[in-house]
Amino acid sequence: MKKFLKITSIVLVIALVAVFAACGGKGDTDTDEKTTLVMATNAAFPPYEYKEGDNFAGIDIEIAQAIADKLGMTLEIKDVEFGSIVGGVQTGKFDMGIAGMTVTDERLESVNFSTSYATGIQVVIVTEDSAIKSLDDLKGDGSMKFGVQQDTTGDIYASASVEEDGYGEENVIRYKTGADAVQALKTGKVQAVIIDNEPAKSFVAANEGLKILDGTWVEENYAIAIAKENTELLEDVNNALAELKSEGKLDSIISKYIPAE
Ligand code: GLN
């Protein structure tokens, strides 16, 4: 009898703990139900993500906020190096990576991608007085240096093309941000910067004496990176994106930052 009582009281205690845990949702920080959506980005990529004083702004920031609103979650933004986003998403440090990030086969080996919400094109920025007049001139004499943002598709393409054109690894100079690569172009450390078209336009508008070469290179799809095992979030994000699209919200966010030409 005594033993029976002991067992029932243990069962009772477990049941009560379970009930309390289930009720504890609101007000508790993140213990049972997850309420924070952690996004990783690299906020030096206007108009997709950049800083305005202490605040984050840009297309990706607004899309992420709209998704978080739809999921009833609080958005938390982590500004990290571009190259650490995929790894951080893969290990669960961040719930998602939104950073004008191109869907590539290599990244797909580590993470899943949402449906694409925008496209980008790789372009080349040179100085206005540059001897490089067209994409063909990029082949040059082997002494030309290309500036890229490390670990981006610009980096990947530049590295592949220099090899094809008979240049060496030393001809690709990798910077932490696109803005740093553009600074290097202005000070003559590199002769061309390979980067996505919209940031290229922003950098050219903000810096005198630069221009974008005519002609497009590679077209890419931007999407949100999510851990492979987090299929629930992937589905939620895809549903939210589909809703934002049909409501016209996605287009209005994009056209706010990229006015139609
Ligand atoms: N679209 C490019 C990439 O995915 C650059 C992104 C970025 O620099 N934020 O690599």
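Annotations
- Residues that are over 30 Å from GLY248 (Cβ atoms) and surrounded by 15 or more Cβ atoms within 10 Å (Cβ to Cβ), drawn from region 88-127: GLY88, GLN90, LYS93, VAL124, ILE125, VAL126, THR127
- Every test in (1) in contact with a Ser or Thr (Cβ under 9 Å, 6 or more places away or on another chain); (2) under 28 Å from ALA131 (Cα atoms) is passed by ILE224 save one, and that test is (2).
- Matching entry among VAL123, VAL182 (being β-branched (Val, Ile, Thr), within 13 Å of the ligand (Cβ to nearest atom), in a helix (DSSP H, G or I) and in contact with a helix residue (DSSP H, G or I) (Cβ under 6 Å, 6 or more places away or on another chain)): VAL182
- Some residue of region 181-189 being surrounded by fewer than 21 Cβ atoms within 10 Å (Cβ to Cβ), closer than 18 Å to GLN122 by Cα and of a type in the set (S, T, N, Q): no
- Some residue of region 188-198 being in a loop (DSSP other than H, G, I, E, B) and either touching a strand residue (DSSP E or B) at 6+ places or on another chain (Cβ under 6 Å) or under 14 Å from ILE212 (Cα atoms) (or both): yes
- Test result for ILE132, of a type in the set (Val, Ile, Thr) and either in contact with a Pro (Cβ under 6 Å, 6 or more places away or on another chain) or away from the ligand (no atom under 14 Å from the Cβ) (or both): yes
- Inter-residue pairs, beta-carbon under 7 Å, first free of Cβ contacts under 8 Å to residues at least 12 places away in the same chain and in region 90-108, second more than 8 Å from the ligand (Cβ to nearest atom), 6+ apart: none
- Matching residues, region 100-117, being more than 10 Å from the ligand (Cβ to nearest atom), touching a Gly at 6+ places or on another chain (Cβ under 9 Å) and within 17 Å of GLU220 (Cβ to Cβ): VAL111
Yes/no matrix, rows are residues, columns are (1) out of contact with any Phe, Trp or Tyr (no Cβ under 9 Å at 6 or more places or on another chain); (2) away from the ligand (no atom under 16 Å from the Cβ); (3) assigned to a helix (DSSP H, G or I):
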{"site": "LYS34", "(1), (2), (3)": "yes, yes, no"}
{"site": "VAL38", "(1), (2), (3)": "no, yes, no"}
{"site": "LYS51", "(1), (2), (3)": "yes, no, no"}
{"site": "PHE56", "(1), (2), (3)": "no, no, no"}
{"site": "GLN65", "(1), (2), (3)": "yes, yes, yes"}
{"site": "GLY87", "(1), (2), (3)": "yes, no, yes"}
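- Long-range neighbours under 6 Å by Cβ, at least six apart or interchain, first residue closer than 24 Å to ASN42 by Cβ within region 225-242, second at pLDDT below 95 and charged (D, E, K, R): none
The values are calculated or read from the model by the stated rules, or taken from the named source; none is laboratory data. Note that the structure is predicted; figures quoted are calculated from it, not measured. Quick reminder, even Gly has a Cβ in these numbers, built from the backbone with ideal geometry, and neighbours come from all protein chains shown.
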